[in-house]
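The values are calculated or read from the model by the stated rules, or taken from the named source; none is laboratory data. Model, not experiment: these values are computed from the prediction. Cβ atoms come from the backbone with ideal geometry, glycine included; neighbour counts cover every protein chain shown. Remember, those area values only see protein heavy atoms, side chains included, never the ligands or the DNA or RNA. Shrake-Rupley method; radii C 1.70, N 1.55, O 1.52, S 1.80 Å.
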Amino acid sequence: MARTAALVDSLKRELRARNITYATVAERLGMSEASVKRMFSQKEFTLSRLDTICEVAGIEFSDLARTLAASDAVISQLTYEQEKELADNHKLALVALLSLNHYSFEEMIALFELDAAECTRLLARLDRLKFIELMPNNRIRVLVSRAFAWIPDGPIQRLFKEQAVGDYFRSSFDGEHELMVLANGALSKPSISALLARLRKTAAEFSAMRSDDAGLPSSERSAITLLLAARPWLPDFLRKYRRKSTAAQPRSRNVTARTNV
């Protein structure tokens, strides 16, 4: 029973991280919101309903089960105050994004204008925020879950809108690894719900791929920003910290500001 309760609690965290309400789940299941709340409270689900809720959240049941084996990686979202600290301190945001994308300490100081002492201090702050665990020899263990997301219209998303959107859309989106799709149409409520579920699943798959590819050499990875469009990109407010000596290296990596779909 304890494992079942932990699984349901994990599912609730994943739904909150994606800003999915009980009302949304109820509509997809064809149930009342009160019945859905009671189902979560009593922690009693049929397998078909559990599978449908995972689909709404855009996650696989296997990924949900794996979260039980990684109880220390429980952060799916920072608090407003924590996000504001990152938004107000661009170097702290830079190191957070580098950590999220599995850069090593050595790569951080080699590719960006960070000396060893400053980088260590910023990593220590992220450790206190429980965003990472700073291990001996400045090894970095990311503690956020695969479902990690910035607060909708929170400090980080506002920073992105104010300082990075123009830079992002300055591309023609016709280059290698670039894509932009603009589609218009009239859909029914069930179709809209199904579409949103697929988009959430795409965002979840993006997070899973980032984690799965973390062990690859840096030369085999390229930064991608997903926003219903994608291209390799580094925003202006972070690019200013890049060391001039690394700018000309064709296979060096860029940090990515991830924005959920």
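Of note:
- Carbon + sulfur, % of accessible area of region 1-160 - ligands and nucleic acids excluded, 1.4 Å: 51
- For the chain: relative contact order, % (alpha-carbon pairs under 8 angstrom, 6 or more apart): 23
- Only helices enter the 222 nm calculation for the chain: every DSSP H run of n ≥ 4 contributes -39,500 (n - 2.57), and dividing by all residues gives -15000 deg cm²/dmol, rounded to 500.
- Residue-wise HN-Hα coupling along region 192-209, computed from phi with Karplus coefficients 6.51, -1.76, 1.60 (Hz; x: Gly, Pro): 4, 4, 5, 5, 4, 4, 5, 5, 4, 5, 4, 4, 5, 5, 4, 4, 5, 5
- Correct choice for Cα Rg over 2.2 N^0.38 Å that was computed from the model, options (i) 1.03; (ii) 1.07; (iii) 0.97: (ii)
- Averaged over its residues, the chain has an accessible area of 53 Å² per residue, based on protein heavy atoms and a 1.4 Å probe.
- FRET efficiency estimate (nearest 0.05) - Cβ-Cβ, residue 171 to residue 49, R0 30 angstrom: 0.10
- Between region 155-222 and region 77-93, the C-alpha centres lie 21 angstrom from each other.
- Shown is the FRET efficiency for residue 245 and residue 104, computed with R0 = 22 Å from the Cβ-Cβ distance and rounded to the nearest 0.05: 0.75.
- Comparing 29, 182, 227 in a Gaussian network model of the chain, where Cα atoms under 10 Å apart are tied by springs, the biggest mean-square fluctuation is seen for 182.
- Multiplying the residue separation of residue 216 and residue 187 by 0.36 nm and subtracting their alpha-carbon distance yields 6.4 nm.
- Of the residues 241, 168, ranked by 1.4 Å probe accessible area with the largest first, the sequence reads 241, 168.
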